[in-house]
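Working notes for the structure below.
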Amino acid sequence: MPLFRFMVIDGDGRRVGRFDSNDAGWLAGDTFTLNEQMFRIVEILPEVSTMTAYNAVWVVTPAVDEQEHAADAVWPMPNAVGRVRV
């Protein structure tokens, strides 16, 4: 049973889904698969509500391949490591 639960939202604040993991070490720039679609974490927000069972909120964008990513000069991810995680 996964120990960590993350709410996944897009840049407009719309809910994309929920991601469960046994790893708490996720970082901005990491990519993951949810509902057969690849996403990249842009920002991690702490979950502040005591009424929900999420460890954090991930703001995501659809992941692009590494060539497209390298060509994007304004990618908003300082300190991103860009790991592919499962």
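A few notes on this one:
- Gained length - residue 61 relative to residue 20, 0.36 nm times residue gap less alpha-carbon distance: 13.0 nm
- Karplus-based coupling profile of segment 22-33, in residue order and whole Hz: 8, 10, 8, x, 6, 10, 4, x, 5, 10, 7, 10, with θ = phi - 60° in 6.51 cos²θ - 1.76 cosθ + 1.60 and x standing for Gly or Pro.
- Taking amide H as placed 1.01 Å from N in the peptide plane, the amide H of residue 17 sits under 5 Å from that of 8, each at least 5 places away or on another chain.
Computed from the coordinates by the stated procedures, all read-outs in this text should not be read as laboratory data. All figures in this text were calculated on a predicted structure; none of them were measured in a lab.
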